[in-house]
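Visitor: Take a look at the following structure, please.
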Amino acid sequence: MLPDITTNSKMPNLKTTIFTIVNELARAHDAVNLSQGFPDFDASPELLSQVSKAMQSGHNQYAPMRGILSLRETIAATIENLHGHRYNPESEITITAGATQGIFTAISAFVKKGDEVIVLTPAYDSYIPAINLNGGVVVPVALSSEDFAMDIEGIKEAISPKTRMLIINTPHNPSGRIFSKNQMQLLQEVLRTTDIIVLSDEVYEHIVFDGKTHQSVAKFENLASRSIICSSFGKTFHVTGWKIGYCVGPKYLIDEFNKVHQYNVFCVNHPIQKGLNAYLQEATTYLNLGSFYQKKRDYFLKAIGPSRFKFAPSEGTFFQLLDYSAITDDLDLHFVERLIKQHKLASIPVSVFHANHLKNKYLRFCFAKSNETLDKAAAIINKI
Ligand code: PMP
Ligand code: GLN
């Protein structure tokens with residue numbers, strides 16, 4: 001007889017992620033897939049060629065634990081140019097295996113059993129399992145149901161002597177909203193007298209629309225000095241399958257981060273770091289990303305103009321929320337399933353991001369797709 005190991009699960013209530021479930025369902029029903037956030041077009045040939053050059057020229061063994069210094073120097077210069085804050089490339093930047101590993105590592109490095117972590121909901125789905133796995137206690141604070149702004153009073157009330165960390169995400173997945181400068185200043189004031197660490201998920205930092213500016217925590221001195229920022233090259237350079245990103249923060253936080261990083265991954269893909277560093281020397285590679293995706297957003301929104309879905313245009317990320325309250329009273333999980341099976345269109349139900357399950361009538365659509373895919377999706381959406 002096999003030993004009964006499963007009943008002793010560390011995560012008895014955790015199910016397979018929505019991205020796996022919806023992708024499998026979409027494949028089985030041959031649906032147009034605007035669910036998981038990834039582009040259906042390829043990366044720049046120049047980037048691919050730089051990575052392959054790095055492989056051909058022998059950069060195929062372990063990279064240094066923190067990542068190659070040249071890439072860390074380039075990241076430091078980029079952040080300084082954009083946000084006016086200097087991170088020391090020697091000690092304040094670590095290259096990670098995507099933002100997911102950065103987030104998991106940061107939570108593992110700082111959250112002890114019983115520590116409270118404030119999570120602004122709806123929240124990207126990897127935060128809460130990582131907190132739970134480390135014995136932390138999730139304290140959810142809902143973003144505004146109108147415009148997904150931070151509820152600064154709500155955050156203030158949620159803070160207790162046990163609060164160890166606050167996780168923020170701007171530009172925000174799934175809402176496509178960005179936090180304003182004023183909100184970030186208010187957050188800075190609320191935290192000023194506390195010892196709370198901020199984990200700032202900024203993976204969509206370069207995907208901001210309509211002339212708005214990404215408000216990185218790096219722009220706010222008293223936030224920067226208590227924050228770890230997680231970012232992802234996957235989002236910026238259309239290479240989500242490469243799983244490479246970085247974390248930056250003050251030395252005292254990155255030192256602790258590295259204690260975990262060195263044992264859960266040690267170092268990440270070496271030739272890709274080389275290739276990215278060469279490619280990043282030309283700033284237009286990321287500075288043009290906002291206008292590139294703004295065109296995609298506008299194309300998609302124009303195409304679904306006649307539909308019964310309601311929307312406020314996304315301000316950043318490559319996601320668009322569509323409000324289906326005029327179409328059905330279905331729960332979003334049921335509606336998503338029905339759309340895949342009957343209409344052959346896949347999207348993400350927002351309730352999986354721990355939004356209010358009852359009131360929530362939003363589906364999330366990814367517009368990082370070719371115009372042909374967007375046309376196909378719009379034709380379906382307009383008939384629903
Ligand atoms: N944070 C957010 C908000 C995301 O949308 C994603 C998406 N993929 C990640 C983190 C993880 O990024 P990566 O693929 O680099 O692990
Ligand atoms: N970040 C992407 C999204 O939100 C993909 C996440 C994943 O597959 N785990 O769609």
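The values are calculated or read from the model by the stated rules, or taken from the named source; none is laboratory data. Here the structure is a predicted model, which is why all the values come from computation and not from measurement. Here the Cβ is made from the backbone with ideal geometry for all residues, glycine too, and neighbour counts use every protein chain on show. Calculation scope for accessible area: heavy atoms of the full protein, side chains included, ligands and nucleic acids excluded. Shrake-Rupley method; radii C 1.70, N 1.55, O 1.52, S 1.80 Å.
Visitor: Consider residue 122 against the criteria (1) open to solvent by less than 30 Å² (accessible area, probe 1.4 Å); (2) within 20 Å of the chain's Cα centre (by Cα); (3) more than 16 Å from ligand 1 (Cβ to nearest atom): it satisfies all of them except one. Which criterion is unmet?
Guide: Going through the list (1) open to solvent by less than 30 Å² (accessible area, probe 1.4 Å); (2) within 20 Å of the chain's Cα centre (by Cα); (3) more than 16 Å from ligand 1 (Cβ to nearest atom), residue 122 breaks only (3).
Visitor: Let me ask something additional. When region 311-329 is examined, which residues are found to be open to solvent by 20 Å² or more (accessible area, probe 1.4 Å) and in contact with a Phe, Trp or Tyr (Cβ under 8 Å, 6 or more places away or on another chain)?
Guide: Pass one, region 311-329, residues open to solvent by 20 Å² or more (accessible area, probe 1.4 Å): 311-313, 315, 323, 325-329.
Across region 311-329, the qualifying residues are 313, 315, 323, 326, 327, 328.
Visitor: If you check 92, 189, 116, 153, which single one turns out to be charged (D, E, K, R), over 20 Å from the mean Cα position of the chain (by Cα) and under 26 Å from residue 352 (Cβ atoms)? Walk me through it before giving the result.
Guide: Working: 92 fails: under 26 Å from residue 352 (Cβ atoms); 189 fails: under 26 Å from residue 352 (Cβ atoms); 153 fails: under 26 Å from residue 352 (Cβ atoms).
Result: 116 is the single residue among 92, 189, 116, 153 that is charged (D, E, K, R), over 20 Å from the mean Cα position of the chain (by Cα) and under 26 Å from residue 352 (Cβ atoms).
Visitor: From the list 244, 159, exactly one residue is aliphatic (A, V, I, L, M) and within 16 Å of ligand 2 (Cβ to nearest atom). Which is it?
Guide: On the way: 159 fails: within 16 Å of ligand 2 (Cβ to nearest atom).
Testing whether each residue is aliphatic (A, V, I, L, M) and within 16 Å of ligand 2 (Cβ to nearest atom) leaves just 244.
Visitor: Take residue 108 and decide whether it is without any contact (Cβ under 8 Å) to a residue 40 or more places away in the chain, open to solvent by less than 40 Å² (accessible area, probe 1.4 Å) and closer than 30 Å to residue 350 by Cβ. Before the answer, list the steps.
Guide: On the way: without any contact (Cβ under 8 Å) to a residue 40 or more places away in the chain: no; open to solvent by less than 40 Å² (accessible area, probe 1.4 Å): yes; closer than 30 Å to residue 350 by Cβ: yes.
Taking the combined requirement at face value, the residue does not satisfy it.
Visitor: Let me ask something else. Can you confirm whether residue 88 is within 16 Å of ligand 1 (Cβ to nearest atom), over 18 Å from residue 236 (Cβ atoms), open to solvent by less than 80 Å² (accessible area, probe 1.4 Å) and of a type in the set (S, T, N, Q)? Break it down into steps so the answer makes sense when it comes.
Guide: Working: within 16 Å of ligand 1 (Cβ to nearest atom): no; over 18 Å from residue 236 (Cβ atoms): yes; open to solvent by less than 80 Å² (accessible area, probe 1.4 Å): yes; of a type in the set (S, T, N, Q): yes.
So residue 88 does not fit the description; no.
Visitor: I'm told residue 351 meets every condition in (1) buried (at least 24 other Cβ atoms within 10 Å of the Cβ); (2) part of a helix (DSSP H, G or I); (3) among the hydroxyl-bearing types (Ser, Thr, Tyr) except one. Can you identify the failing condition by its number?
Guide: For residue 351, the failing item is (1).
Visitor: Could you check how many residues of region 19-37 are within 14 Å of ligand 2 (Cβ to nearest atom) and touching a strand residue (DSSP E or B) at 6+ places or on another chain (Cβ under 6 Å)?
Guide: 6
Visitor: I'm trying to understand the selection: among the residues of region 1-52, which are assigned to a helix (DSSP H, G or I) and of a type in the set (A, V, I, L, M, F, W, C)? Walk me through it before giving the result.
Guide: So the first thing to find is which residues in region 1-52 are assigned to a helix (DSSP H, G or I), and the list is 6-8, 18-28, 45-52.
18, 19, 21, 22, 25, 26, 28, 47, 48, 51, listed by residue number.
Visitor: While we're here: Do you know which residues across region 80-100 are away from ligand 2 (no atom under 16 Å from the Cβ) and closer than 18 Å to residue 277 by Cβ? So that I can check it myself, show each step before the final result.
Guide: The first filter runs over region 80-100 and keeps only residues away from ligand 2 (no atom under 16 Å from the Cβ), leaving 80-95.
Residues satisfying the conditions are 80, 81, 82, 87, 88, 89, 90, 92, 93, 94, 95.
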